[in-house]
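**Student:** After the structure tokens below, expect a handful of questions from me.
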Amino acid sequence: MIYPLIPLFLTSSVGASAAAVGLIEGVAEGAASLTKGMSGWLSDRLRVRKPLVVAGYGLSALAKPLLAAATVWPVALGVRLTDRLGKGVRTAPRDALVADVTPEHARGLAFGLHRAGDTLGAVLGPAIGLGLFVLLSEDFRLVFVLAFLPALAGLAVLSLVRDRPPAEPAAVAAGDRVPLRRLGRQFYIFLAISLLFAFGNSSDAFLILRASNLGLTNIEAVSAYILFNAVYAGGAMPGGLLSDRLGRRGVIGGGFAMFGAVYLGLALAGGSAAIWPLFALYGVYMALTEAVGRAFVVDFAPPAARATALGVYTGATGGMILLSSVVAGVLWETVGPWAPFAVGAVTGGASALLVAVFLRDRRA
């Protein structure tokens, strides 16, 4: 409900510059990244998933009303930090739980189903939030308070989930170490390529700011964000299924190339008309990469190290977004609004090429 409103709230209500938005999003994502790695390792070590998932969603729920109370951007930074720490705590154990209960031949489809459901919330939520924003005379703070209610409902539904860690031999029982070397060479090659890609993939807050910069109103900019998520939600399951049938490498490489093309379009765009098709294509890129990347990581990792591998992957790439978002904010202010997108166009194309040359599917 509130994510696409946050950059607009930061710049219009609490006096944050584009560079400050980059700092806020970067620090928040960086903290989440560190937490993802630790949470994944802890989940594997203790062989539990659900308690960490519940704690993570609880922290993010608490952040909604706290953001409504922010009056200066450093306070908003602290609240965003709380929200992203919640994401960091829950992500790796949640994704490992998906893998634990899924047959190998349908792993891409399962992650696609999860991303489709998650993103459907990112379609309906902003649509509801935008409707409330209009009805409440563009009162950001009241919308943030109301967003606390569905967050609590999500926690109630989560209470129905059962923890199902995989059965493992005594050598990797609860309390034993999960060494990083067990993750394998192909995992680290994929991680390195993903880090290069993440360097050009700054926070989506800059997409919304770019839409506004090119002439869209606040309502239109949020509507374009909803369009992107609608395309992503519709494509996530087909993208995951395609990776099960044809292999992960070609699908994710094509997604990286599409990202580069979208960012090139955003760098060169001269008016608001280009935003709508580019945001729709951005949804296709997400459908081809988000779920498939997680499935790829699980393909490489042994079952006892799943959450660790997912935590390292999501944590390291998220940490790179810390640097990327700060750099994007500085480039926006010093070079121009087009500059962060030019960087993303280059890294997206280079990552697609590296996937084709250095990666292989673990299985046909």
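**Student:** Among the listed residues Trp332, Trp276, identify the single one that is aromatic (Phe, Trp, Tyr), more than 21 Å from Gly112 (Cα to Cα) and crowded, with 21+ Cβ neighbours inside 10 Å.
**Tutor:** None of the others qualify; the one that does is Trp332.
**Student:** Moving on. Say we look at the stretch 201-252 and pick out the residues that are in contact (Cβ under 8 Å) with a residue 24 or more places away in the chain and hydroxyl-bearing (Ser, Thr, Tyr); which of these is surrounded by the fewest Cβ atoms within 10 Å (Cβ to Cβ)?
**Tutor:** Ser223
**Student:** A further question follows. Determine which single condition Leu158 fails, assuming it passes every other condition in (1) under 22 Å from the mean Cα position of the chain (by Cα); (2) surrounded by fewer than 22 Cβ atoms within 10 Å (Cβ to Cβ); (3) at pLDDT 90 or above.
**Tutor:** (3)
**Student:** Just for the stretch 16-65: of the residues that are on the phi < 0 side of the Ramachandran plot and not in a helix (DSSP H, G or I), which one is surrounded by the most Cβ atoms within 10 Å (Cβ to Cβ)?
**Tutor:** First pass over the stretch 16-65, keeping only residues on the phi < 0 side of the Ramachandran plot: 16-46, 48-65.
Restricting the remaining residues to those that are not in a helix (DSSP H, G or I) gives 16-17, 48-49.
On the way: Ala16: 22, Ser17: 14, Val48: 17, Arg49: 27.
The qualifying residue surrounded by the most Cβ atoms within 10 Å (Cβ to Cβ) is Arg49.
**Student:** If I ask for residues that are surrounded by fewer than 20 Cβ atoms within 10 Å (Cβ to Cβ) and either under 23 Å from the mean Cα position of the chain (by Cα) or of a type in the set (Gly, Ala, Ser) (or both), which ones from the stretch 344-358 would you list?
**Tutor:** If the condition is that a residue be surrounded by fewer than 20 Cβ atoms within 10 Å (Cβ to Cβ) and either under 23 Å from the mean Cα position of the chain (by Cα) or of a type in the set (Gly, Ala, Ser) (or both), then Val346, Gly349, Ala350, Leu353, Leu354, Ala356 are the ones that fit.
**Student:** Hey, another quick one. Out of all the residues in the stretch 310-318, is one or more within 23 Å of Ala116 (Cβ to Cβ), surrounded by fewer than 24 Cβ atoms within 10 Å (Cβ to Cβ), under 17 Å from the mean Cα position of the chain (by Cα) and in contact (Cβ under 8 Å) with a residue 24 or more places away in the chain?
**Tutor:** yes
**Student:** With respect to Val98, determine if the residue is surrounded by fewer than 23 Cβ atoms within 10 Å (Cβ to Cβ) and touching a His at 6+ places or on another chain (Cβ under 8 Å). Give the derivation first.
**Tutor:** On the way: surrounded by fewer than 23 Cβ atoms within 10 Å (Cβ to Cβ): yes; touching a His at 6+ places or on another chain (Cβ under 8 Å): yes.
Considered against the rule, which asks whether it is surrounded by fewer than 23 Cβ atoms within 10 Å (Cβ to Cβ) and touching a His at 6+ places or on another chain (Cβ under 8 Å), Val98 comes out as yes.
**Student:** Would you point out which residue out of Ala127, Ala110, Ala106, Ala61 is under 22 Å from Gly30 (Cα atoms) and small (Gly, Ala, Ser)?
**Tutor:** Ala61
**Student:** Here's another thing I want to ask about it. Here is a list of conditions, (1) aliphatic (A, V, I, L, M); (2) under 23 Å from Ala151 (Cα atoms); (3) modelled with pLDDT of 85 or more, and Leu42 meets all of them except one; can you say which number that is?
**Tutor:** (2)
**Student:** Any residue that is over 26 Å from Lys36 (Cα atoms) and either of a type in the set (Ser, Thr, Tyr) or touching a strand residue (DSSP E or B) at 6+ places or on another chain (Cβ under 7 Å) (or both) - is there at least one of those in the stretch 119-139?
**Tutor:** Yes, the stretch 119-139 has at least one match.
**Student:** If Pro74 meets every condition in (1) farther than 18 Å from Gly329 by Cα; (2) without any contact (Cβ under 8 Å) to a residue 24 or more places away in the chain apart from one, which number is that one?
**Tutor:** Every listed condition holds for Pro74 apart from (1).
**Student:** Go through Gly121, Gly131 for me and flag whichever is under 29 Å from Val298 (Cα atoms), of a type outside the set (Asp, Glu), modelled with pLDDT of 85 or more and surrounded by fewer than 17 Cβ atoms within 10 Å (Cβ to Cβ).
**Tutor:** Working: Gly131 fails: under 29 Å from Val298 (Cα atoms).
Exactly one residue qualifies, and that residue is Gly121.
**Student:** OK, next. Identify the single condition in (1) in contact with a Gly (Cβ under 8 Å, 6 or more places away or on another chain); (2) more than 21 Å from Tyr188 (Cβ to Cβ) that Glu333 does not satisfy, given that it satisfies every other one.
**Tutor:** Unmet condition: (1).
Every residue, every condition in (1) under 27 Å from Val157 (Cα atoms); (2) modelled with pLDDT under 85, yes or no:
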| residue | (1), (2) |
| --- | --- |
| Ile6 | yes, yes |
| Gly15 | no, yes |
| Ala32 | yes, yes |
| Leu52 | yes, no |
| Leu66 | yes, no |
| Thr71 | no, yes |
| Gly78 | no, yes |
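**Student:** Please list, ordered by first then second residue, the pairs with beta carbon atoms under 7 Å, 6 or more apart or interchain, first in the stretch 138-167 and farther than 25 Å from Trp41 by Cβ, second of a type in the set (S, T, N, Q).
**Tutor:** Going by the 7 Å Cβ cut-off, the qualifying pairs are Phe140/Ser13; Ala151/Ser60.
The values are calculated or read from the model by the stated rules, or taken from the named source; none is laboratory data. All values derive from a computational prediction rather than experimental measurement. Reconstructed Cβ throughout: ideal geometry from the backbone, glycine too, with neighbour counts over all protein chains shown.
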